[in-house]
Amino acid sequence: MVKILADSASDLSMNHYNEFDLEMVPLTVHLDEKEYKDNVEIQPKTIYDAMRNGKSPKTSQVSPDTFHNLFTTYAEKNESLVYLAFSSELSGTYQTAKMMLEEVKETYPDAPIQVVDTKCASIGYGLVVLYAAKAAKEGASAEDIVESAQYHAAHMEHIFTVDDLEYLYRGGRVSKTAAFVGTLLKIKPILHVEDGKLIPLEKIRGSKKLFNRMLDLMEKRGTDFTNQRIGISHGDDLERAEELAGMIQERFGVAKEDILIEMVGAVIGAHAGPGTIALFFLNKPHK
């Protein structure tokens, strides 16, 4: 059986890792001069509480050694491994993995290990991993798993909003002026991910209109909602995530159990901040 490797930016819970017997490598979170392995040594809630208290946590990619050791273990046993990576536009993790794989292949040229850039983030990335994990569990070949992952990754829509633009500004994602003006006017931005990068789409005044607008975008861009899993991730705001899920059930007839709700992990949360709400769905039929 092909083993699937994901990193902590997929925002999947440990239940998923256990259910599908997935490997996970953590990115690093820096808070108060200390380093923590995301989702292993620190939980997202800690990061959100720190940010609410004015702290600015930083993040860094998976260490080269982590990849080198893991890839070597699989190469030695000649076991098949597919690493589905966090978007290369948002982290250097994918590039590091590619580099380490090349090193390992100098010793084990036939190592059956592949690295795929999903260009996705949070539960959008998590859903791509789960589709691949299901295929692996059903005995699909590494080639088929990679092809399936590339298809789902290419068609995964990310529509999200942040509660306070200040956090994206700190992380270098929006300009100071945009952050200041947005906060002043209670403007909520809607952003999406295009080719792995964060791109602002539009600004909405007032949060009531916000979710309706996100669902309009979902209707316009998505397809076949009752035959796929819909993902919602939130920056420590389960209540609003559930409100959005309820609206999706009502509007698109999606069953409650087909909506996956998870907290945005510490790594992405450190940039997006508390109150972030993100919505993920496919714009082409699931296959």
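Key figures for this structure:
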| item | result |
| --- | --- |
| Cβ pairs under 6 Å, 6+ apart, first in the range 26-42 and within 16 Å of residue 263 (Cα to Cα) and open to solvent by 100 Å² or more (accessible area, probe 1.4 Å), second among the basic types (Lys, Arg) and at pLDDT below 90 | none |
| Selection count where residues are open to solvent by less than 30 Å² (accessible area, probe 1.4 Å) and more than 12 Å from residue 230 (Cβ to Cβ), scope the range 269-284 | 8 |
| Strands (runs of 3 or more DSSP E) within the range 196-287 that include 1 or more residues farther than 28 Å from residue 133 by Cα | 197-205 |
| Residue in the range 224-239 that is least open to solvent (accessible area, probe 1.4 Å), counting only those that are touching a residue at least 24 places away in the same chain (Cβ under 8 Å) and over 19 Å from the mean Cα position of the chain (by Cα) | 225 |
| Pair list, Cβ < 9 Å and 6+ apart or interchain, from the range 252-277 residues that are touching a residue at least 12 places away in the same chain (Cβ under 8 Å) and hydroxyl-bearing (Ser, Thr, Tyr) to residues that are surrounded by fewer than 24 Cβ atoms within 10 Å (Cβ to Cβ) and in a loop (DSSP other than H, G, I, E, B) | 276/163; 276/236; 276/237 |
| Residue count for the range 258-268, restricted to those that are touching a Lys or Arg at 6+ places or on another chain (Cβ under 9 Å) and open to solvent by 30 Å² or more (accessible area, probe 1.4 Å) | 2 |
| The range 134-167, subset assigned to a loop (DSSP other than H, G, I, E, B) and under 17 Å from residue 193 (Cα atoms), residue most open to solvent (accessible area, probe 1.4 Å) | 155 |
| Qualifying position, being without any contact (Cβ under 8 Å) to a residue 12 or more places away in the chain and more than 30 Å from residue 202 (Cβ to Cβ), among 102, 79 | 102 |
| Residue tally, condition over 18 Å from the mean Cα position of the chain (by Cα) and open to solvent by 20 Å² or more (accessible area, probe 1.4 Å), over the range 78-92 | 3 |
| Candidate set from the range 43-60 (those that are over 19 Å from residue 121 (Cα atoms) and not hydrophobic (A, V, I, L, M, F, W, C)); member that is surrounded by the most Cβ atoms within 10 Å (Cβ to Cβ) | 46 |
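For every residue, the table says whether it meets (1) part of a helix (DSSP H, G or I); (2) within 16 Å of the chain's Cα centre (by Cα).
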residue	(1), (2)
94	yes, yes
104	yes, no
111	no, no
116	no, yes
132	yes, yes
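The values are calculated or read from the model by the stated rules, or taken from the named source; none is laboratory data. Just so you know, these numbers come straight off a predicted model, no measurement behind them. Note: ideal-geometry Cβ built from the backbone for every residue, glycine included; neighbour counts use all protein chains shown. These area figures cover heavy atoms from the full protein model, side chains too; ligands, DNA and RNA do not enter into them. Shrake-Rupley method; radii C 1.70, N 1.55, O 1.52, S 1.80 Å.
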